[in-house]
Amino acid sequence: PYPGVHGSHRAPMPSPGSVIGPLKIAGVAHVNDEVGRVFLMRGNLGQDFIMTTDGLFVGAMFQDGRLPGESLPDKESALVGMPMENFSHGGEPFNGWFGKQADGKVRMTTGFPRQAAMILAVNGLESIRRFDAGELAITAEQLAAADRDNLARADREAPPKVYAVQRFDAPPTVNGRLDDWEGVPALTIDRVGYPLKGTARMAYDDTHLYVTYSVQDDSPWLNEGKDFTRLFKTGDAVDLQLGLDDGTPAHAKRRDPGAGDIRVVMSQLGGKPVAVLMKPVDPGADAKAAVDYTSPVAPKHFDRVEVLADAAVRIVKTDREYIVEAALPLSALGLKPVKGLQLRGDFGFIASDAAGAINVARTYWANKDTNLVNDLPQESWFTPSAWGSIRFE
């Protein structure tokens with residue numbers, strides 16, 4: 001159900017027997033007379049999948065690129081004989097060959113993204129065994145019951161996401177410690193099968209919008225990006241997306257952002273925490289603040305992308321977690337919260353590779369269609385129709 005590039009964008013996390021984003025058949029190899037031939041499919045999110053040519057699933061190789069994985073060693077000599085199953089092809093690996101060569105060995109070619117092209121030996125195919133599974137009887141009554149179950153599951157929609165924003169009587173101390181946030185409800189940012197999870201909280205007063213994020217991460221808070229306009233692409237970051245106009249049904253149906261829709265990306269630049277405001281539509285913005293994100297797919301234009309100079313952002317990290325606390329000036333956001341105001345928005349975190357050089361996964365509270373990490377313009381964009389409801393108390 002998740003074929004090719006775009007199908008993989010909707011895929012859940014990997015599970016035994018799943019085939020995610022098959023792009024191409026890289027080749028066919030004869031194993032032995034019992035097994036016959038197998039073929040290898042290269043997946044869009046970093047795995048390879050092997051099946052017999054008569055349609056039986058054998059297994060998957062390599063890591064899904066959304067999961068934490070290893071980085072290649074610094075020296076080429078260290079690669080010789082090195083096990084590669086804990087690595088990932090990464091996203092959009094449009095390459096590769098697979099087959100048996102004249103010496104009887106099965107090999108493959110691969111280009112681990114942005115790092116190296118290499119030839120790998122594929123071992124273990126001789127361990128495949130066929131067995132007699134017996135006969136499976138399927139009755140008309142069973143088919144009818146399955147149809148009813150499928151229809152019932154399709155009709156069950158996930159409950160709408162709703163978050164209530166508390167008002168602070170006194171401003172919190174922005175230090176990344178969260179001492180002032182007791183009693184403020186937290187929302188959960190996660191996805192089924194993904195090991196990294198997070199929580200977020202939001203509150204306000206007369207002058208600021210306050211947000212906190214707590215994210216479990218084995219390589220916490222790594223972002224070596226040098227360009228503030230691309231921090232969502234170059235490593236760890238947290239993300240706040242808001243529609244400041246209203247929470248009407250019309251707004252909930254829009255797939256593209258409009259006037260009043262903003263994004264605030266919080267990460268680090270030169271080792272210091274920053275908050276970056278991104279507004280696709282801002283008629284009053286200076287032309288120098290505009291940014292165009294381009295790729296062979298489609299460009300995306302932002303009228304304003306700028307560092308929020310008056311924002312306060314603090315980070316505290318441990319070996320396996322980081323906490324972000326920020327105070328964002330309401331005047332800079334264009335937000336005027338009052339009790340009863342209902343908007344739409346989303347909260348998320350972006351995970352880096354082990355080196356903090358590029359993002360490998362995006363996880364959000366409301367929007368679950370966030371697997372894409374291989375197209376800069378699409379990753380810069382946001383989708384109001386996928387947001388949840390945010391109500392100010």
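The values are calculated or read from the model by the stated rules, or taken from the named source; none is laboratory data. Since this is a predicted model, take the numbers as computed values, not measurements. Backbone-built Cβ (ideal geometry, glycine too); neighbour counts: all protein chains shown. Only protein heavy atoms, including side chains, enter the accessible area calculation; ligands, DNA and RNA are left aside. Shrake-Rupley method; radii C 1.70, N 1.55, O 1.52, S 1.80 Å.
When all protein chains stay in place and ligands, DNA and RNA are ignored, the 1.4 Å accessible-area order of 9, 89, largest first, is 9, 89.
Projecting the Cα atoms of 312, 297, 330 onto the charge dipole of the range 283-341 (Cβ charges, centred on the Cα centre) puts 330 farthest toward the positive pole. Here the chain is treated with +1 on each Lys and Arg Cβ and -1 on each Asp and Glu Cβ, and its dipole about the Cα centre works out to around 460 debye. Scaled against 2.2 N^0.38 Å for its residue count N, the alpha carbon radius of gyration of the range 163-237 is 1.29. Average accessible surface for the range 258-332: 47 Å² per residue, computed with a 1.4 Å probe over protein heavy atoms with every protein chain in place. Keeping all protein chains in position, work out how much accessible area residue 304 exposes to a 1.4 Å probe, and write it in Å² to the nearest 10. Residue 304 exposes around 50 Å² with every protein chain in place.
Given a Förster distance of 45 Å, report the FRET efficiency between residue 54 and residue 139 from their Cβ-Cβ distance, rounded to the nearest 0.05. Step by step, r from the Cβ atoms, then E = 0.95. Of all lysines in the structure, the ones whose alpha carbon falls short of 18 Å from that of residue 336, not counting any fewer than 8 places away in one chain, are 279.
Pairs to check: 75/105; 161/197; 24/233. Give those whose C-alpha atoms are more than 24 Å from each other in this structure. Where the Cα-Cα span goes over 24 Å, the pairs concerned are 75/105; 24/233. Taking every protein chain into account, the 1.4 Å probe leaves residue 389 with about 30 Å² of accessible area, to the nearest ten.
Over the chain, DSSP H runs of length four or greater, each weighted -39,500 (n - 2.57), average out per residue to a 222 nm ellipticity of -2000 deg cm²/dmol. Averaging 1/r over every pair of different alpha carbons in the range 253-373 and inverting the result gives a Kirkwood radius of 16.5 Å. Here residue 54 sits with roughly 100 square angstrom of accessible surface, probe radius 1.4 Å. Heavy-atom surface analysis with a 1.4 Å probe gives the range 163-317 a carbon and sulfur content of 50 percent of its accessible area.
Using the Karplus relation 6.51 cos²θ - 1.76 cosθ + 1.60 with θ = phi - 60°, the per-residue 3J(HN,Hα) values for the range 184-191 come to 8, x, 10, 9, 9, 10, 7, 8 Hz, with x marking Gly and Pro. The angle between the Cα long axis of helix 140-155 and the longest principal axis of the Cα atoms of the chain comes to about 30 degrees, rounded to the nearest 10.
Each Lys and Arg adds +1 at its Cβ and each Asp and Glu adds -1 at its Cβ; summed about the Cα centre, the range 160-253 shows a dipole of about 400 debye.
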